[in-house]
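The values are calculated or read from the model by the stated rules, or taken from the named source; none is laboratory data. Remember, it's a predicted structure, so these values are computed and weren't measured experimentally. Here the Cβ positions follow ideal geometry from the backbone for every residue, glycine too, while neighbour counts run over all protein chains shown.
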Amino acid sequence: MKKPKGPADEFTQAYMEYYPLLLSSLLARVSNPEEARDLCQEVFIIFLEKFHSITNKRAWLYGTLKNVVYQHYARKKPDVDIDGVFNDEGLAFTNGARDARIMIAEAIEQVECSEEDRVLLDLIAIHDYSYGSVAEILGLSRWQVEYRYGQLAKSILDYLKSRGIKGLAELL
């Protein structure tokens, strides 16, 4: 990654890095693409206002995401069990699985792909959405989603092989 040259570049770099992650997390929690994009925009507006005083940007963004989602549900769906929305079993893992997840996340970061492809990958691989659901969310055909996911998975496996890992089974 290129080093930021100034405050605007630093914010842009953080936005490019975290937007796909936050959007996919929001999509998994609100299940409405338009609402998820609006909430993501809300998080980044607050982020911009406080950008220079934040030391751990990732932690701050996820904390703010959680607050924004809580507020969203309080306004629009007060009868929803908000704690259930954040009870993400995919985030509760043992040390061995955490190491595997870090390796896979590193591989994903090394693969050159668009923001939309990162969202696609996260929705399918992490949040277990179907190809059809992702196609509908992203405005693509099911075939396009399957093809792009296959290409991304191949690129990730190629990266892992270059690091001496022959398959995902070795990480689990």
Check your understanding: Do we have residue 35 as within 14 Å of residue 15 (Cβ to Cβ) and either of a type outside the set (Gly, Ala, Ser) or assigned by TED's automatic domain parsing to the domain that holds residue 129 (or both) here?
Key -> no
Point to revise | So residue 136, is it out of contact with any strand residue (DSSP E or B) (no Cβ under 9 Å at 6 or more places or on another chain), in contact (Cβ under 8 Å) with a residue 12 or more places away in the chain and of a type in the set (Asp, Glu) | key: no
**Study point:** Among (1) modelled with pLDDT of 80 or more; (2) exposed (fewer than 14 other Cβ atoms within 10 Å of the Cβ), the one test that residue 102 misses
**Key:** (1)
Revision key, fill the gap. Output for Cβ contacts, cut-off 9 Å, separation at least six or different chains, first residue assigned by TED's automatic domain parsing to the domain that holds residue 19 in the stretch 40-64, second part of a helix (DSSP H, G or I) and among the acidic types (Asp, Glu), reads 51/10; 52/10; 57/17; 58/17; 64/42
Check your understanding: Would you pick out the residues in the stretch 30-43 that are crowded, with 20+ Cβ neighbours inside 10 Å and within 13 Å of residue 62 (Cα to Cα)?
Key -> 39, 40, 43
Practice item. Please verify whether the stretch 50-58 includes one or more residues that are modelled with pLDDT of 85 or more, within 23 Å of residue 138 (Cβ to Cβ), in a helix (DSSP H, G or I) and out of contact with any Gly (no Cβ under 9 Å at 6 or more places or on another chain). Key: no
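Can you tell me which residues in the stretch 126-147 are surrounded by 16 or more Cβ atoms within 10 Å (Cβ to Cβ) and of a type in the set (Gly, Ala, Ser)?
133, 135, listed by residue number.
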